[in-house]
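Visitor: My questions all concern the structure below.
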Amino acid sequence: MARAGGKALRMVWLAAALVLAFVLGILFVELTPLGVALPHDYNGASLLMMRLQTYAFALSGVTGVGTLLTAVAAARFANHAARESRRSADIAREAMISSERAWIHVDLTLDDRLVWDDSGNVQVKVRIKVSNIGNSPAINVHTAVRVVPDCDDTRPWLDRIARKARVADQSRSRMVLPHDSFERQQVARALAADFKGINGFPRLRPAIVGCVTYQLAQDMSLHQTAFCYTLSRIDTAGKPGSRIYAGKTLDVEKAHLDWGIGGFAD
């Protein structure tokens, strides 16, 4: 698309140059002695000198037009070269930051049982382990987490959480050095209204989703690592993957967490 636009612009410039040359040619003939009928007894030497001056004037005009077109072309080339130079510098900078920046990895474990209140709301206490696997500090690291009613429909919830949490929060955050980690205990919740219309209700396969938001030490830009864990029940045979029941407490030793679909890192 950009090449097609550049080609069209060059054609416009060429057409304009041709029109200008044609107009100058007409003016040259009409406004100089070449286009004027001279008397028969006109001095030949004077006529020759006048015509030589006319040609010199025409040549200087053509040279001026050529200089102008050359200047315009040089300015366009310089502008294009400057854009390419900035683009190359940005690519080099991004490559440097990518290799030296912080990268956050998340591990999630249940810290208490899953409980329901009388209104049908649910909550569970979780422990979030945040690890910096990159090569520079992660600044202003903070976390957000919640329960999602259906593990097959996590991405809209995860995107919503990530958008809300994508702020530089200095009040509830901390710095994580390279190859260091910390753990944070939080409560993940879901409202009773979230479970309306869920297929199979009250038998559920919920998920616990969240994100870690942080800033890079290089330029203080915001980045996130989002995570998704499916939550299931371990059956009497010791096999995980069974659905849980709305309104029924799920003890930690009977719960199973597994990686789910929807996580991302930027």
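The values are calculated or read from the model by the stated rules, or taken from the named source; none is laboratory data. These figures come from a predicted structure and were not determined experimentally. When we count neighbours, we look across all protein chains shown, and the Cβ atoms used for this are built from the backbone with ideal geometry, even at glycine. Note: accessible area is taken over every heavy atom of the protein model, side chains too, but ligands, DNA and RNA are not part of it. Shrake-Rupley method; radii C 1.70, N 1.55, O 1.52, S 1.80 Å.
Visitor: How much accessible surface does Lys129 have with a 1.4 Å probe, in Å² rounded to 10?
Guide: 80 Å²
Visitor: Using a cut-off of 16 Å between alpha-carbon atoms, which aspartates and glutamates can reach Lys129, once sequence neighbours fewer than 8 places away in the same chain are excluded?
Guide: Partners found: Asp107, Asp111, Asp112, Asp180, Glu183, Asp258.
Visitor: Could I ask something else about it? Before I look further, what does the stretch 161-266 give for accessible area per residue, probe 1.4 Å, in whole square angstrom?
Guide: 56 Å²
Visitor: For Ser99, Ser242, give the ranking by accessible area with the largest first, probe 1.4 Å.
Guide: Ser99, Ser242
Visitor: Using only protein heavy atoms and a 1.4 Å probe, report how much of Asp258 is accessible, in Å² to the nearest 10.
Guide: Accessible area of Asp258: about 80 Å².
Visitor: Rounded, prolate or oblate: which fits the stretch 74-192, taking a ≥ b ≥ c as square roots of the Cα gyration tensor eigenvalues, rounded meaning a/c under 1.5, else prolate when a/b beats b/c?
Guide: On the way: a/c = 3.64, a/b = 2.11, b/c = 1.73.
Cα axes put the stretch 74-192 in the prolate bin.
Visitor: Taking 8 Å as the Cα distance limit and 6 or more residues as the minimum spacing, I'd like the relative contact order of the stretch 196-240 as a percentage. All intermediate terms of the calculation are to be shown ahead of the outcome.
Guide: Numbers: 43 pairs, mean separation 15.7, N = 45.
For the stretch 196-240, the relative contact order is 35 percent.
Visitor: Still on this structure: Can you tell me which of 144-150, 13-19 comes out highest on packing, and rank the rest after it, using the mean Cβ neighbours within 10 Å?
Guide: The peptides rank, most packed first, as 144-150, 13-19.
Visitor: For Ile261, Ile234, give me the order by solvent-accessible area with a 1.4 Å probe, most accessible first, ignoring ligands, DNA and RNA. Write out the running numbers ahead of the final one.
Guide: Values: Ile261 145, Ile234 40 Å².
Descending accessible area places them as Ile261, Ile234.
Visitor: Straight-line reach only, C-alpha to C-alpha below 12 angstrom: list the aspartates and glutamates that Lys196 could link to, leaving out same-chain residues fewer than 8 apart.
Guide: Candidates past the 8-residue exclusion: Asp150.
Visitor: Once amide H atoms are placed 1.01 Å from N in the peptide plane, what residues at a sequence separation of 5 or more from Ala255, or on another chain, have their amide H within under 5 Å of its amide H?
Guide: Amide H to amide H, under 5 Å and 5 or more residues apart or across chains, Ala255 pairs with Ile234.
Visitor: Starting from 0.36 nm per residue, how many nanometres of slack lie between Thr63 and Phe201 once their C-alpha separation is accounted for? Spell out each step's value before the answer.
Guide: Details: separation 138, 0.36 × 138 = 49.68 nm, distance 8.44 nm.
Result: 41.2 nm gained on full extension.
Visitor: Find how much the distance from Arg166 to Leu14 grows on full extension, using 0.36 nm per residue of separation minus their present alpha carbon separation; answer in nm with one decimal. Can you show the working numbers first?
Guide: Values: separation 152, 0.36 × 152 = 54.72 nm, distance 5.03 nm.
Using 0.36 nm per residue and subtracting the Cα-Cα distance, I get 49.7 nm.
Visitor: Separate question: Could you give the nm distance between label points at Ser88 and Ala75, where each point is 7 Å from its Cα heading toward the beta carbon?
Guide: 2.5 nm
Visitor: Tell me the carbon and sulfur percent of the accessible area for the stretch 162-223, rounded to whole percent, probe radius 1.4 Å.
Guide: Carbon and sulfur atoms account for 50 percent of the accessible area of the stretch 162-223.
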